[in-house]
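Worksheet for the structure shown next.
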Amino acid sequence: GEGSTSNTVAGNYIGLSETGATDLGNTGNGVTIIDGASGNSVFGTAGTASVIAGNGGYGVLITDVGTNANQVYRNYIGLNAGGNAARKNDKGGVLVRDNASNNQIGLPGQGNTISGNGGYGVAVGQTLPGYTALYSNTVAANLIGLNALGTVALENSLGGVLVGDGANSNAIGGAGSARNVIAGNGGAGVTISGTAVLSNTVVGNLIGLRRATANGAFTTVAGNKGDGVLITAGAKYTRVGGSEAEGNTIAGNGGYGVYLFTSIFFSTTDRQTANVIKNNFIGVSADGSAAIG
């Protein structure tokens, strides 16, 4: 809560039994960071993920003005301690909302596995009345919609990642080890939605693919049931890809690879012509050598 800084929540089972297998979920959220708490960390210890699963709310909720610069990494959110079976958080995996800014969900080389949840794996937005926008949050290096090995789909029911409701200048992925793997989810892999949703980036991700074996490359289809990336409801200035190092691989999904959709009620200046889709592999493998429609 207010004034709470530089605390750690590490190495716990939150919502599961002491064996890490049985759902004994809290009725609310697993972890709530609220009311200006900043600089806090929720993480697994070296070699052992924290497990946040089976809860009646969100796995992790980060909310309110001044709730900034918190880090959530190296956790299993929505899975058992083995990382191989769903123990859903009912409302979703992680929600960042209501002016919370500069928070990090996953760090390069230290991502979370966020799978098996009700709702979205990660949602940035859902701003309540009286709040304006949230900025510069990062979702990076996570497995979203797969087991901890990346070999089996464990869907988040509504989709992988949602950016909506006043969320501006947020980053989904990044080059190299900051990429997310977003696959096997119940809706779109990434949804960017809303007229006040501006200047967000979707960079470097693998969207719709899994590993065939534990140490293999992400070359096997585990499509999101919706589009790979959906940009809708007037979202503007979204960048999907960019430089060659920032390109996404978007393949094997149940809808379009990338779908820009808006309403006829928006004026011409509100249409999504300012969005950029550049240097991505869409409908092919990450090296461009094989068709994966």
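The values are calculated or read from the model by the stated rules, or taken from the named source; none is laboratory data. Remember, predicted model here, so these are calculated numbers, not experimental data. Glycine also receives a Cβ, built like all others from the backbone with ideal geometry; neighbour counts cover every protein chain displayed. Just so you know, the surface numbers come from the protein's heavy atoms only, side chains and all, with ligands and any DNA or RNA stripped out. Shrake-Rupley method; radii C 1.70, N 1.55, O 1.52, S 1.80 Å.
Miscellaneous remarks
- Verdict on Tyr58 being aromatic (Phe, Trp, Tyr), crowded, with 18+ Cβ neighbours inside 10 Å and over 21 Å from Asn180 (Cα atoms): no
- If only residues of the range 178-210 that are within 20 Å of Ile282 (Cα to Cα) and of a type in the set (Ser, Thr, Tyr) are counted, the one that is most open to solvent (accessible area, probe 1.4 Å) is Thr201.
- Restricting the range 265-286 to residues that are in a loop (DSSP other than H, G, I, E, B) and modelled with pLDDT of 55 or more, the residue that is nearest to Gly242 (Cα to Cα): Asn279
- Counted residues, the range 21-35 - those being closer than 17 Å to Gly56 by Cα and either in contact with a Gly (Cβ under 6 Å, 6 or more places away or on another chain) or part of a loop (DSSP other than H, G, I, E, B) (or both): 10
- Check on Asp90, touching a strand residue (DSSP E or B) at 6+ places or on another chain (Cβ under 9 Å) and open to solvent by 30 Å² or more (accessible area, probe 1.4 Å): yes
- Residue count for the range 150-172, restricted to those that are open to solvent by 10 Å² or more (accessible area, probe 1.4 Å) and outside any loop (DSSP other than H, G, I, E, B): 4
- Filtering the range 211-224 to residues that are open to solvent by 20 Å² or more (accessible area, probe 1.4 Å) and of a type in the set (S, T, N, Q) leaves Thr213, Asn215, Thr219, Thr220.
- Leu128 touching a strand residue (DSSP E or B) at 6+ places or on another chain (Cβ under 6 Å) and either open to solvent by 20 Å² or more (accessible area, probe 1.4 Å) or modelled with pLDDT under 95 (or both): no
- Inclusion of Gly228 among residues that are touching a residue at least 60 places away in the same chain (Cβ under 8 Å) and either buried (at least 21 other Cβ atoms within 10 Å of the Cβ) or closer than 21 Å to Ser285 by Cβ (or both) is not warranted.
- Members of the range 211-241 found to be part of a loop (DSSP other than H, G, I, E, B) and among the charged types (D, E, K, R), listed by number: Lys225, Asp227
- Members of the range 1-52 found to be among the aliphatic types (A, V, I, L, M), open to solvent by less than 60 Å² (accessible area, probe 1.4 Å) and closer than 17 Å to Ala86 by Cβ, listed by number: Ile14, Leu16, Ala21, Ala49, Val51, Ile52
- Residue ID - surrounded by the most Cβ atoms within 10 Å (Cβ to Cβ), chosen from residues in the range 231-247 that are hydrophobic (A, V, I, L, M, F, W, C) and under 22 Å from Gly166 (Cα atoms): Val240
- Residue within the range 213-234 that is more than 19 Å from the chain's Cα centre (by Cα) and under 15 Å from Val276 (Cα atoms) present: yes
- In the range 61-79, the qualifying residues are those that are closer than 17 Å to Thr138 by Cα and among the small types (Gly, Ala, Ser), and the one that is most open to solvent (accessible area, probe 1.4 Å) is Ala69.
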